[in-house]
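Colleague: Right, I'll just put the structure down here and ask away after.
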Amino acid sequence: MTLFRPTRSRATTTRVDLAPLRVRPCRDLCSWHRTPVERRGEAMFACRGCGSQWVPGEHWTPRDRDGAVPPDILAIRRAEAPEDAAP
Ligand SMILES: [Zn+2]
């Protein structure tokens with residue numbers, strides 16, 4: 001008796017969870033956008049300029065080519081630090 005079950009339990013999302021983020025030096029063409037992908041339950045962002053990837057759990061904050069933090073990412077950072085570190 002041969003029971004063959006193809007092990008196809010690994011979904012694409014699992015591989016995204018395990019794969020390291022791509023982080024590249026950002027250049028003057030950077031433009032950050034939220035992707036439809038989630039990584040470990042966090043929304044994943046990607047830069048169309050240099051191909052870097054970012055999730056809110058990272059210790060750095062992405063910036064667009066004009067030096068501004070993208071509004072979506074700024075909103076996440078503000079929500080994380082309600083006291084807003086006023087100097
Ligand atoms: Zn970039």
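Computed from the coordinates by the stated procedures, all read-outs in this text should not be read as laboratory data. Keep in mind that what you see is a predicted model, and the values were worked out from it rather than measured. Ideal geometry is used to build each Cβ from the backbone, glycine not excepted, and the neighbour counts take in all protein chains shown.
Colleague: Label region 30-80 by shape, choosing from rounded, prolate and oblate, from the square roots a ≥ b ≥ c of the eigenvalues of the Cα gyration tensor; if a/c is under 1.5 it is rounded, and otherwise prolate applies when a/b is larger than b/c, oblate when it is not.
Modeller: oblate
Colleague: Sticking with this structure for a sec: So for the pair Ala79, Arg48, with labels modelled 7 Å out along Cα→Cβ, what separation do we get in nm?
Modeller: Those two pseudo-labels are separated by 2.3 nm.
Colleague: Which far-off residues, 5 or more places away or on another chain, put their amide H under 5 Å from the one on Ser52, with H placed in the peptide plane?
Modeller: Correct list: Arg24, Cys47.
Colleague: Which cross-chain or sequence-distant (5 or more) residues have an amide H under 5 Å from the amide H of Arg39, H modelled 1.01 Å from N in plane?
Modeller: Met44
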